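Below: one structure, written as structure tokens.
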Amino acid sequence: MSLLAVEGLDAGYGAARVLFGVELWVGAGEVVTLMGRNGMGKTTTVRAIMGLLRPTAGRVSVDGIDLTAAAPHRIARAGLGLVPEGRQVFPKLTVVENLIATARRADAGRAAPWTLDTVFELFPALAERRHHRGAHLSGGEQQMLAVGRALMTNPRLLVLDEATEGLAPLVREEIWQCLTRLADAGLAILIIDKNVEDLLRLAARHVVLERGQVVWTGTTERLRAERDRVERHLHL
């Protein structure tokens, strides 16, 4: 059974339909990418999964439990943590206040729950600025904070929408290193990003969207073998 299963998902905004029968799944401890050009439905898919947008058809389930159109807090309690596009940190709250604002206890029996100390160990820069407000952080620090805030919900699946968009190269590399540590520790990840080589190093499986439909899916090995074909769906 998949940790997350998305089946036949349709969604949109008002009369504008964006998703057409999207299918994807993420297993426990698996890293999966969601790829495609801007405007192809990636963020809409994430919003529908996370309960931020009501699907018009299809099913979203976690551990086989139907959570289609469930409230976002129910999705979080089921074990999904979101790092949203644009970071969306609370600008007037400090780093510590941002981290504890949506914190959730780990499930019973979990060996190493996420706490302030473990987030600060993962991101030392946040520890140094723990009393600074979100608005006073750099873009890279805000992205670290957004990842840390999601980890503080103690998720089983981390969902990242544009994981390194707009970040300086050194900061991007730090984010990728942290995501690799999380994946190696067994955290399942569903990730959107434009850096294909980094995605190929991190993930085992990939889903490509075009105009709201899945047009390609496969393993990293298959993507490398069919790189030219897949690239046509990723660039203008």
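Which of the residues belonging to the range 145-181 are among the hydrophobic types (A, V, I, L, M, F, W, C), under 24 Å from T94 (Cβ atoms) and open to solvent by less than 20 Å² (accessible area, probe 1.4 Å)? Outline the logic, then answer.
At the first step, the residues of the range 145-181 found to be among the hydrophobic types (A, V, I, L, M, F, W, C) are 145-147, 150-152, 157-160, 163, 167-168, 170-171, 175-176, 178-179.
From the residues that got through so far, the ones that are under 24 Å from T94 (Cβ atoms) too are 145-147, 150-152, 158, 160, 163, 167-168, 171, 175, 178.
The answer is L145, A146, V147, A150, L151, M152, L158, L160, A163, L167, I175, C178.
Could you list, in sequence order, all residues of the range 37-53 that are of a type in the set (V, I, T) and buried (at least 22 other Cβ atoms within 10 Å of the Cβ)?
Listed by number, the residues that qualify are T44, T45, V46, I49.
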Inset, instruction - Kindly state which strands (runs of 3 or more DSSP E) lie completely within the range 151-236 and contain at least 2 residues that are at pLDDT 95 or above and within 21 Å of T115 (Cα to Cα). - result: 157-160, 188-191
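Collect the residues in the range 122-144 that are open to solvent by 20 Å² or more (accessible area, probe 1.4 Å), among the polar types (S, T, N, Q) and either touching a residue at least 40 places away in the same chain (Cβ under 8 Å) or in a helix (DSSP H, G or I) (or both), keeping them in residue-number order. Write out each step before concluding.
To start, the set of residues in the range 122-144 that are open to solvent by 20 Å² or more (accessible area, probe 1.4 Å) comprises 124-125, 127-133, 135-136, 138-139, 141-142.
Among the residues that remain, those that are also among the polar types (S, T, N, Q) are: 138, 142.
The one that is open to solvent by 20 Å² or more (accessible area, probe 1.4 Å), among the polar types (S, T, N, Q) and either touching a residue at least 40 places away in the same chain (Cβ under 8 Å) or in a helix (DSSP H, G or I) (or both): Q142.
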Inset, instruction - Scan the range 25-36 and give yes if some residue there is crowded, with 21+ Cβ neighbours inside 10 Å, outside any loop (DSSP other than H, G, I, E, B), out of contact with any helix residue (DSSP H, G or I) (no Cβ under 9 Å at 6 or more places or on another chain) and of a type in the set (S, T, Y), otherwise no. - result: no
Inset, instruction - Would you mind telling me which numbered condition in (1) over 20 Å from V207 (Cβ atoms); (2) assigned to a helix (DSSP H, G or I); (3) not hydroxyl-bearing (S, T, Y) A48 fails? - result: (1)
Legend entry - Number of positions in the range 63-91 that are among the hydrophobic types (A, V, I, L, M, F, W, C), in contact with a Gly (Cβ under 9 Å, 6 or more places away or on another chain) and over 22 Å from L179 (Cα atoms): 5
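Tell me whether the range 86-106 contains one or more residues that are among the polar types (S, T, N, Q) and open to solvent by 70 Å² or more (accessible area, probe 1.4 Å).
Step one: of the range 86-106, the residues among the polar types (S, T, N, Q) are 88, 94, 98, 102.
If we keep only those that are open to solvent by 70 Å² or more (accessible area, probe 1.4 Å) as well, we get 88.
For the range 86-106, residues among the polar types (S, T, N, Q) and open to solvent by 70 Å² or more (accessible area, probe 1.4 Å): present.
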Inset, instruction - State which residue pairs qualify: first residue outside any strand (DSSP E or B) and inside the range 1-20, second residue at pLDDT 95 or above and not hydrophobic (A, V, I, L, M, F, W, C) in any location, beta carbons under 7 Å apart, and separation of 6 or more residues or different chains. - result: M1/D63; M1/G64; S2/G27; L3/G27; L3/D63; L3/R156
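With open to solvent by 30 Å² or more (accessible area, probe 1.4 Å) and at pLDDT 95 or above as the only criterion, which of G64, G81 stands out?
Numbers: G81 fails: open to solvent by 30 Å² or more (accessible area, probe 1.4 Å).
One residue alone meets the criteria, G64.
Scan the range 73-114 for residues that are assigned to a loop (DSSP other than H, G, I, E, B) and more than 19 Å from L160 (Cβ to Cβ) and report the count.
Step one: filter the range 73-114 for residues assigned to a loop (DSSP other than H, G, I, E, B), giving 78-79, 84-93, 102-114.
Add one more test, that the residue is more than 19 Å from L160 (Cβ to Cβ), and what stays is 91-93, 105-113.
Total meeting the criteria: 12.
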Inset, instruction - Please specify each residue of the range 190-236 satisfying the condition of being touching a helix residue (DSSP H, G or I) at 6+ places or on another chain (Cβ under 7 Å), of a type in the set (D, E) and touching a residue at least 60 places away in the same chain (Cβ under 8 Å). - result: D193
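The values are calculated or read from the model by the stated rules, or taken from the named source; none is laboratory data. Note that this is a predicted model, so its numbers are computed, not measured. Virtual Cβ from ideal backbone geometry, glycine too; neighbours counted across all protein chains shown. Please note that ligands, DNA and RNA were not included when accessible areas were found on the heavy atoms of the full protein model with its side chains. Shrake-Rupley method; radii C 1.70, N 1.55, O 1.52, S 1.80 Å.
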